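Here the structure comes first, spelled out in structure tokens, and everything after it is commentary.
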Amino acid sequence: MRAELEARPLLVAVAGLAVGLASPLDVAAFPLLIVLLLLVRSWELKRLACWMALLGLALAPRGAMTPLRERSYFEGTVSVATVPRLYPDGSTCEVEGPTGRFSMWVDGDRMLALGDVVRVKGVLRPLPDGSDAYWHARGVSARLQPASLVRLAGSGGVLAWGVRWRAAFVRFCGATMVPEAARVVDAVCFNVSGELDTETRTELQRSGTTHIVSASGLHVLIFAFALQMALVSLPIPRWAQLLLLLGVLVLYAAATGFRPPVVRAVIMAAVYAAAYLFRREPDALSALALAGLAYLVFSPRSLQDAGFQLSFATVFGLALFLRARRPARGGLGRLGRGLVDVARTSLAATLASGPLVAYHFGMVSLASVPANVMVAFVLPPMMTTALAALAASWLLPSAAAGAMGWVVQPLAGWVLWVVSLFGSQPWAAVEIPPFHPYWIAAYYFVWLAFWRRVPRPVSEPVPR
């Protein structure tokens, strides 16, 4: 493992930055820097780790966030700091103002976008009981309920386009499918999970399939693959296809709320595209480290976000423990290999994210592998058909509505059935009592101790 670390300075850099950002929050994080310095032998890498740790200390949020305890009147100008999260009767987003950061609820279908500047008159309310830790990690001190709201300046550009794309998709799904299916497809394609009922949310968590309704690298991969298949038919150079692909992925990231998993996947896609353009071999671990550096520098508080931690830990585990294999021969062979690969991927992801899931949610799913195998083959056709139908609805509305009703809706029904089948079983998940975060570090230390470099398979010659 030491050789893998020393061969990738970006991994050392992001590890040092993370330690620096975490140190003001928990002094116990500082010894991790000593462990990092002992792991690398090069003095250049030791200095890099120290400088990045100092940068993390400089960027780390200062001062303790004091939650509001009593209602108070608010009037002032705030800027929208997150992409609004949609619900049946409104939306919620986080806003920054001169006096702090608040969670703001907006009634009705009024659409705000990340970067909008609004004038608000309303009431500040205390945070819900028991939620201080979650909101503290995001720097939010109160809930803002507007009585009046006036947009002073719009963000425009890709941010506004992404919000409009997402809103158009939600309206389209609602008009072409039954409500239960529409809610699932909205959540899978654009992270609009606010309309899911409590029972479905619980079953998703217990079955280990929550990630399918939370935009992640998997969704970016499916969308990028489908888009690339469409772009290769255009009579344009390969470099132009890649630039167009990345532009649409950035728009998709804006539409899904710039969530850490999506931003990470888009940055990694950009690295892979650059490697192709410059005739270089892409490296998953270096691309992941670059994505982590970019996200943490621009959003230091993300280190405390469960989505950020789960996304990067999962991809790190997949990059280390999954290896390419020779393609199977024959239709049944390819199908069997596909099922095995999905199971291996699900198991590796579960092992990589397990301690973080247990720490943040107090639960570990035992049904994640079979549930994900049964769902995995449904997501690509469901996503690609739904997104293609939305694009076709401008010219062929009847055909687009038919595709949603005859293809997408049954696939969404299958997802709900699988989630309910596994999530309702008493053995599907086990409760985990609270524990100290240092146990997470110990787990990953032991986990990585079993890692061994596996040589790539040699391609067999094609028979003539």
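The values are calculated or read from the model by the stated rules, or taken from the named source; none is laboratory data. What you are looking at is a predicted structure, and each value in this text was computed from that prediction instead of being measured. As a convention, Cβ positions derive from the backbone with ideal geometry for all residues, glycine included, and neighbour counts pool all protein chains shown. All accessible areas refer to the heavy atoms of the entire protein, side chains included, with ligands and DNA or RNA removed. Shrake-Rupley method; radii C 1.70, N 1.55, O 1.52, S 1.80 Å.
Pairs, please: C-beta under 8 Å, at least 6 apart or cross-chain, first residue surrounded by 16 or more Cβ atoms within 10 Å (Cβ to Cβ) and in region 267-284, second of a type in the set (D, E, K, R)? Matching pairs, first to second residue: Asp283/Arg8. For region 182-204, the count of residues that are hydrophobic (A, V, I, L, M, F, W, C), open to solvent by 10 Å² or more (accessible area, probe 1.4 Å), within 30 Å of Ser424 (Cα to Cα) and without any contact (Cβ under 8 Å) to a residue 12 or more places away in the chain is zero. Quick check on region 295-310: of everything there that is under 22 Å from Arg8 (Cα atoms) and in contact with a Lys or Arg (Cβ under 9 Å, 6 or more places away or on another chain), which residue is most open to solvent (accessible area, probe 1.4 Å)? Selected residue: Tyr295.
The rows are residues; the columns are (1) modelled with pLDDT under 90; (2) under 24 Å from Phe316 (Cβ atoms); (3) more than 23 Å from the chain's Cα centre (by Cα).
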| residue | (1), (2), (3) |
| --- | --- |
| Leu335 | yes, no, yes |
| Met404 | no, no, yes |
| Gly413 | no, no, yes |
| Val419 | no, no, no |
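Residues that are open to solvent by 50 Å² or more (accessible area, probe 1.4 Å), on the phi < 0 side of the Ramachandran plot and assigned to a loop (DSSP other than H, G, I, E, B) occur in region 355-369; there is at least one.
Restricting attention to region 250-265, the residues being surrounded by fewer than 21 Cβ atoms within 10 Å (Cβ to Cβ) and in a helix (DSSP H, G or I) number 2.
Of all residues in region 10-31, those satisfying the criterion of being β-branched (Val, Ile, Thr) and at pLDDT 85 or above are Val12, Val14, Val19. Counting only strands (runs of 3 or more DSSP E) wholly contained in region 54-144, the ones carrying 3 or more residues that are more than 26 Å from the chain's Cα centre (by Cα) and more than 17 Å from Arg301 (Cα to Cα) occupy 72-80, 117-125. Within region 370-386, being within 21 Å of Ala313 (Cα to Cα) and without any contact (Cβ under 8 Å) to a residue 40 or more places away in the chain holds for Val373, Ala376.
Does Ala64 fit the bill of being at pLDDT below 85, surrounded by fewer than 16 Cβ atoms within 10 Å (Cβ to Cβ) and among the small types (Gly, Ala, Ser)? So Ala64 passes the test. Among the residues of region 145-157, those identified as modelled with pLDDT under 80, surrounded by fewer than 16 Cβ atoms within 10 Å (Cβ to Cβ) and not in a helix (DSSP H, G or I) are Gly154, Gly156.
Table: residues versus (1) in contact with a Ser or Thr (Cβ under 6 Å, 6 or more places away or on another chain); (2) among the hydroxyl-bearing types (Ser, Thr, Tyr); (3) closer than 30 Å to Val123 by Cβ; (4) surrounded by 17 or more Cβ atoms within 10 Å (Cβ to Cβ).
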residue	(1), (2), (3), (4)
Leu39	no, no, no, no
Glu75	no, no, yes, no
Val83	no, no, yes, yes
Leu86	no, no, yes, yes
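One residue stands out among those in region 203-234 that are β-branched (Val, Ile, Thr) and in a loop (DSSP other than H, G, I, E, B): the one that is modelled with the lowest pLDDT, which is Val232. So, Ala240, is that one in a helix (DSSP H, G or I) and open to solvent by 20 Å² or more (accessible area, probe 1.4 Å) or not? Here the answer is yes, as Ala240 does meet what is asked.
All conditions in (1) under 13 Å from the mean Cα position of the chain (by Cα); (2) of a type in the set (Gly, Ala, Ser); (3) closer than 27 Å to Trp427 by Cα hold for Gly217, with the sole exception of (3).
So is Glu94 surrounded by 13 or more Cβ atoms within 10 Å (Cβ to Cβ) and more than 20 Å from Leu127 (Cβ to Cβ) or not?
On the way: surrounded by 13 or more Cβ atoms within 10 Å (Cβ to Cβ): yes; more than 20 Å from Leu127 (Cβ to Cβ): no.
Answer is no for this residue.
Note on region 160-202: residues that are within 28 Å of Leu396 (Cα to Cα) and assigned to a helix (DSSP H, G or I) total 29. Considering (1) assigned to a helix (DSSP H, G or I); (2) over 18 Å from Ile440 (Cβ atoms), the lone condition that Pro24 does not fulfil carries the number (1).
Pro179 fulfils the conditions (1) open to solvent by 70 Å² or more (accessible area, probe 1.4 Å); (2) modelled with pLDDT of 90 or more; (3) touching a strand residue (DSSP E or B) at 6+ places or on another chain (Cβ under 7 Å) except for a single criterion, (3). Among residues of region 121-140 that are open to solvent by 40 Å² or more (accessible area, probe 1.4 Å), those with a beta-carbon under 9 Å from a residue that is among the charged types (D, E, K, R) and modelled with pLDDT under 85 at least six positions away or on a different chain give the pairs Arg138/Arg301; Arg138/Asp305.
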